[in-house]
Structures are given as structure tokens and as C-alpha cells.
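See below for the structure under consideration.
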Amino acid sequence: MPLKSFVITVLFISFILCQVSGECPDGTGSNPSNPEECLSCSVARCKDCKTDYTKCKSCNLGYGVNRVGECSRCFSGCNDCSANLFKCEQCPARYFNKDGECTKCKNTCETCSSEDICDTCIPGMYAGDGKCQSCRFPCENCKSEKECTSCRSGYYLESDTCIKNPENCKIFEFGKCYECAPGYFLKEGTCQACKLGCSKCNSETECLSCNYRFFNNNGICEYCGDGCFSCRAANKCLDCYYGYGNNNGVCERCALNCYKCSSATQCNECDSGFGSNNGVCEKCDSGCDKCESTTKCVKCERGLGLTANGGCEKCKGDCKECETVDKCTYCPGTLRRINDDFECSYEWGLVAAIVLPIIFGLLTVCGIVAYQAKYQKKEEEKKNYYDIDTHYDYYDKKNVY
């Protein structure tokens, strides 16, 4: 249909409707020059201009009539202001209408009637006495303190109450379990334990994954062997525990005093206080904490330092800890390292900082005690003087009378 014919058809239909109903349909308005003629509203985004197609009474949703009769977008935070741009009629979620302005509800409110009254609350809370209260555990959502609508994990809903799932059941509904905890499988609505060593299974005979120290052999978990942490099959260990050595897939216990080993007879790292002698751990010399061999120490016990020949001797002078007998690493008390040889000596600045305040404090106390003694002596002298004076005055008066 040509555009001209379409426009004529629309105007004709509008005219007919106007004649039938006595007023123009939405989006059109009466022509002041010819009241029986309905024309499209001349104001953009206008919804109601029925009495005069050049004057808008209300705008489309999200727009409002401004002071010059045009449709402008509602102010931020207002959904509908169609009749008056400056008076909001519909506020967005979590806002309430206060004298035509949208005011935010409290953070815990979903909808509210005023700043102090919540009608509905955010998930996990319910409206009680106009305020949002937290749902009581184990409710996830609720209508009131005693009416739950959904439950937390591990609980199921029954008559507005959350009840703990049967043991080892993750999802329980309508009297049946639908998902079990790890290490259990579902059988006729109840959870049954997987066999020993199985961490996840579909049935008693079908294991999907095994725990450490076990391997999966066609749905059955079998033991890797003593000292083995993980394996592909029996006697094919990948990782052994500390204190064991992997000898072609078999974990063998290390020899006595051995921390890490390749086999029962070949130690790679000995326990503290022992050193390797051709793969066998033997006790280090006296005072040695760690040694490469029984005669070559690499770390001495506290208070001892390494010598040039790999032995251990007492740290020099006042040194508390040292790497070598001549290289101190820790000095006790007020002693400090004073030169490149790491010798310990008094740091007189630190000594003065500690001792002088103590001396000053003692002198202050002595001064206060001396002053109090002197003051007390003067008070006693004054008292004795007044007592003698009063005595003589008494006898003088007696002699007069």
C-alpha cells in the first residue's frame, strides 16, 4: 500500500472512531479548528492529547509533561511520571514514593511503605513489625520466624520446617534421597557406603575413583602396598612416603636414622645429627647437628661454631651463636657486633640509655624522701614551740587571777 493511501486510511479510521466514541483514541487528539477531526499528537512521546492534538496531558512510560507541555525523560530513579515530570507516580524496586519523589528503602528491604517500614525483604530475611529479620538457621528463605520457604544445603523442607537430611545424603525430597555424599552410592532411595579405598562409586562393585594408597582395578580399589602414596597397579608405585625408598615400583623402608633413601641400603639424606658414609647413616661427631660425613660437620649445635677442619668448638668470647668460631651471629644482652670479625662488645650508647634513667630515678626518689624527712622535722619543731608557749601562757593567767 502506498504511503499516501496508508496515511489517509489511518486518518479515516481515527475520524470514524472519534465519531463513534465521541473522543479521539490514544496517540491522537482533537483538531481545535475542526473538533470532530482526530489528528496524531504533535508532541513527541505523547500518550494523551485527546482534547487538543497540540497539547499533551500525559506521556509514554518513562516520560513526563514538562512546564512547556513537552515530554521529557523522568528524573533518575523514577519509572513513571507521565502526567507531571516533577511528580513521580511509580518508583523502581527498593524505592518508595514520598510526596512524588522516590526515596531509597533500607538496604535489607526489597519493598517498603516508608523509610521505617519494610513490606518485603531481601532473600534470607523476613519482614516482622516493619523491620527485616534474618531467617533462623537452617532456613535459607522464610516468610516468618517459624515459616521456612527453602532450606540450606543438607536440610529438606517439610510443612514450613527445615529438617536435617538423613546421614550421608546431600539432596533429600519427598521422603527419598536423590544424591549422596562422597564415598556413598544411592540404592532404593538410601545411601550405602562404597567399599574400602573407594572415594566415589555407582554401586558396591563399580568404583569410579579410589583414595590415595589404592588403585582402580576394573571398578575395584586395591591396596598399593606399604609405604606407597600413589600407584598405577600393584608393585608399580609412583610416590613413596618419607622414610621409604622406591626400588623399581616397590617401596622399601629406609635404614635406621635415614630420612630419604633410594632403597633400603642407599640413603640420600640422613636424620639430624647423622651423616652418610657410603649410603649408611652414622652419628656425627659430638656437638655437630648436621654433617656430610662423620668427620665433616656442616652445621654445629647452638653455642658452637665450625672450625677449619670441619669440627665444632665453642664460640669465642661472649658470643652466644656463631657460624664459625670466629664469626659471631648473635650477641647476648647489651653486647653488639663491633667489627668485620663479628666480635661481641658492649655498646656504650645502649648501656647509657638503660643505666642513666635508672640512676636518675633513684636520685629522684632519694631527693623526695629527704625532702619529706626535712618537712616532717620542721612540723614537729613548730608543734613543740606552740605547746611550750601555751604552757607559759596558762601559768601567767593563773597568777593574775
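Just a few scattered comments:
- On the beta carbon distance between ASN268 and GLU206, with R0 = 30 Å, the FRET formula returns roughly 0.15.
- For the range 192-343, size of Cβ-based charge dipole, Lys and Arg +1, Asp and Glu -1, in debye: 300
- Projected label distance in nm at SER42 and THR120, using a 7 Å step from Cα toward the beta-carbon: 4.5
- Taken over the range 275-325, the alpha-carbon convex hull comes to 52 cubic angstrom per residue.
- Reachable lysines, given that their alpha-carbon falls under 17 Å from the alpha-carbon of LYS170 and they are not under 8 places away in the same chain: LYS187, LYS200
- Farthest toward the positive end of the dipole of the range 120-223, out of SER150, ASN211, PHE137, is the Cα of ASN211, where the dipole comes from beta carbon charges about the Cα centre.
- The range 136-167-the range 231-278 distance, computed between alpha-carbon centres (Å): 53
Values in this text are rule-based calculations from the coordinates and carry no lab data. As the structure is a computational prediction, the values presented were derived from the model and not from experiment. Note that each Cβ is placed from the backbone with ideal geometry, even for glycine, and that neighbours are counted across all protein chains shown.
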